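**Q** Sharing a structure here in structure tokens format.
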Amino acid sequence: MFPRLDVANIAKICGLASFLCKKIIFFVSSPIILSFLPFEVNLHTNSNIRIMTPQEKRNERLAQKMLRSLQRRHFEAYYCRTREDIIQQVKALIPEGSSITWGGTMTVRDLGLPAILKQGNYEVIDRDEATTEAEKIDAYRRAFTCDYYLSSVNAISEDGVIVNIDGNGNRVAAITWGPKRVIFIVGLNKVAQDVPAALQRARSTASPINAARFDIDTPCQKDGVCHNCNSPQSICNYIHFTRNSHPAGRHIVILTDLALGY
């Protein structure tokens, strides 16, 4: 026989239902569980569930794996899907009144961050505003005393080793020492399986494109292929690996779905 549905029994049933709902929401809201669901769930709105594309599912899972790898290497790490999310994350990381600069990164420029930061309460050093070579060199040197240095990477391995290649070395120097903190914004298009593959990407993909961007006289400008050259105008003079963030937390990585930079 069913129990009588008096007030006491109804209260018990409602209490049990409420408890079960809370447990289900806690379980489903786990980042690990969300990364394996075949759809996107927004727990904070009443919007409809949107089916994730295969690319989005792969990116979500890869990003979660890389966040764990980066954290093991003492990086502070985040995952942002959209441009708006990246901008909000950068603003949240940089206190007002901070001094900020960046290198030759196309990622930062493509996101429109220079203009956004100049509108805020920051001291911005923009080398693109230099009118002479001397002013540009001065901007390079001032980077070492900045609070925040923005950059991207030429490649990153799945286990979190960052690879960069420089012509002048000012960017990799600032990444290594000087600015109080370094923020890398990294599209998942730059992820390679391991360190050799990351180095290969940096040399064979990023460098020839950047050579074309700067319109310099190197063999890769002729056919788009790395020749391991010793050209006087080579932009592959300094090859830099960041295995760990030291001191711990000095380097911040923002991963994103967006295919940014080269």
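The values are calculated or read from the model by the stated rules, or taken from the named source; none is laboratory data. Please read all numbers here as calculations on a predicted model, not as lab measurements. As a convention, Cβ positions derive from the backbone with ideal geometry for all residues, glycine included, and neighbour counts pool all protein chains shown.
**Q** Go through (1) part of a helix (DSSP H, G or I); (2) exposed (fewer than 13 other Cβ atoms within 10 Å of the Cβ); (3) at pLDDT below 95 one by one and return the number of the condition P196 breaks.
**A** Here P196 meets the rest and fails (3).
**Q** Hey, another quick one. Condition (residue is part of a helix (DSSP H, G or I) and assigned by TED's automatic domain parsing to the domain that holds L150) applied to the stretch 222-238: is it met by at least one residue?
**A** yes
**Q** Additional query: Mind telling me which of the residues V153, V161 ends up being buried (at least 16 other Cβ atoms within 10 Å of the Cβ), more than 22 Å from V90 (Cβ to Cβ), touching a helix residue (DSSP H, G or I) at 6+ places or on another chain (Cβ under 7 Å) and of a type in the set (V, I, T)?
**A** Being buried (at least 16 other Cβ atoms within 10 Å of the Cβ), more than 22 Å from V90 (Cβ to Cβ), touching a helix residue (DSSP H, G or I) at 6+ places or on another chain (Cβ under 7 Å) and of a type in the set (V, I, T) holds for just one of V153, V161, which is V161.
**Q** Does the stretch 201-224 contain at least one residue that is surrounded by fewer than 16 Cβ atoms within 10 Å (Cβ to Cβ), of a type outside the set (D, E) and touching a Pro at 6+ places or on another chain (Cβ under 7 Å)?
**A** The answer is yes; a qualifying residue exists.
**Q** Looking only at the stretch 59-85, count how many residues are assigned to a helix (DSSP H, G or I), in contact with a Phe, Trp or Tyr (Cβ under 9 Å, 6 or more places away or on another chain) and hydrophobic (A, V, I, L, M, F, W, C).
**A** Total meeting the criteria: 3.
**Q** Write out, first by first residue and then by second, each pair whose Cβ atoms fall under 7 Å of each other, whose residues are 6+ apart or on separate chains, and whose first residue, in the stretch 153-176, is in the same structural domain as A197 (by TED's automatic domain parsing) and among the charged types (D, E, K, R) while the second is surrounded by 19 or more Cβ atoms within 10 Å (Cβ to Cβ) and part of a loop (DSSP other than H, G, I, E, B).
**A** Partner pairs satisfying both residue conditions: R171/G103; R171/G104.
**Q** Scanning the stretch 106-150 for residues that are crowded, with 16+ Cβ neighbours inside 10 Å and within 16 Å of R250 (Cα to Cα), which turns out nearest to the chain's Cα centre (by Cα)?
**A** Taking the candidates together, the pick is L150.
**Q** Starting from the stretch 59-73, take each residue that is within 12 Å of D159 (Cβ to Cβ) and list its partners that are assigned to a helix (DSSP H, G or I), counting only C-beta distances under 8 angstrom and pairs at least six apart or across chains.
**A** From the stretch 59-73, the pairs are L62/L188.
**Q** Which residue out of G97, G103 is exposed (fewer than 13 other Cβ atoms within 10 Å of the Cβ) and under 30 Å from K118 (Cβ atoms)?
**A** Of the residues listed, the single one that is exposed (fewer than 13 other Cβ atoms within 10 Å of the Cβ) and under 30 Å from K118 (Cβ atoms) is G97.
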